[in-house]
1. Where does segment 46-104 land on the Kirkwood hydrodynamic radius, alpha-carbon pairs, in angstrom?
2. Mind telling me which of Asn38, Asn12, Asn152 comes out most flexible in a GNM of the chain, alpha-carbon contacts under 10 Å?
3. At 1.4 Å probe radius, can you tell me the per residue accessible area of segment 1-141 in Å²?
4. Under 17 Å from a label point 7 Å along Cα→Cβ of Gln115: give me every residue in segment 166-185 with its amide N that close.
5. How high is the FRET efficiency between Arg51 and Arg244 when r is their beta carbon distance and R₀ equals 35 Å, given to the nearest 0.05?
6. For the chain, what is one quarter of the convex hull surface built on the Cα atoms, given in nm²?
7. Computing the accessible area with a 1.4 Å probe over protein heavy atoms, can you report the carbon and sulfur percentage for the chain?
8. What FRET efficiency would be calculated for the residue pair Leu138, Lys197, taking the C-beta separation as r and a Förster radius of 30 Å, to the nearest 0.05?
Amino acid sequence: MQKICVIIPCYNEESRLDVKSLSAFMDAHPQYSFLGVNDGSKDSTLQLLQRVAQQYPRQFFVFDMPQNGGKAEAVRQGLLYANKMSGFDYYGYWDADFSTPLEEIDWFVYFSGGQLQHQIIMGTRVARLGAGVERKMLRHYLGRIFATVIANMLRVRIYDSQCGAKLIHSSLVTSLFDKPFVSKWFFDVEVLFRFLKKSAGENSRGKILEVPLRTWKEIAGSKLKLSDFIKAPVELWRINRHYR
């Protein structure tokens, strides 16, 4: 059975991190591990993560960043730290609000035929019959515009680069996350740029799998604000200039 370690970046998540759901999932899935990254939180997030680690010393670990570096840096440093522990086939990152339920990790595996094979597996939020994908209309349309721009930048058909649920093969962690990202929020686009550049000349598109989520719900209190979408064109221009 493949071993997976999922990074959960946390900034002031004391009241939003659903410890009950996390604990129940770990009880039912001893093959999965988690690393909670405290991104310089000003509340008691670090203490909360440490309590979970005490309860699950073999499955839950904590990495503390004294200064807030933003989600991109928290994910990057968390992945590099977790990679040093070794023994995992895949590493990933998941939003701390669990807008994508942890059970979708099982769905990633099932959708892959019972065993993960692709180098990058990405959750994608597709509202469709039979799926519980709930998203505000404005964010949905802004997301579609955003996704279209990104697909043209990457020259790859991709539906949803920004979903906060991804798994990455262990062999890619060092090469994709060794350097800081240009963007604080849209680092997912940079991960894909780095991967496509690394895989130039290969069938890189066949190594990425988008998995339509069964369940996704927008949770109140997101750190990503409407103003961030307004800044998105400038951020994407900076990213595109940097990697081109």
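The values are calculated or read from the model by the stated rules, or taken from the named source; none is laboratory data. Since we're looking at a predicted model, the values are computed, not measured. Don't worry about glycine lacking a Cβ; one is built from the backbone with ideal geometry, like all the others, and counts go over all protein chains shown. Accessible surface is based on the protein model in full, side chains and every heavy atom, while ligands, DNA and RNA are left aside. Shrake-Rupley method; radii C 1.70, N 1.55, O 1.52, S 1.80 Å.
1. 12.9 Å
2. Most flexible of the set in this elastic network: Asn152.
3. Roughly 47 Å² per residue, with all protein chains present.
4. 169-171
5. For R0 = 35 Å, the calculated efficiency reads 0.15.
6. 12.7 nm²
7. Roughly 53 percent, rounded to a whole number.
8. Approximately 0.35, to the nearest 0.05.
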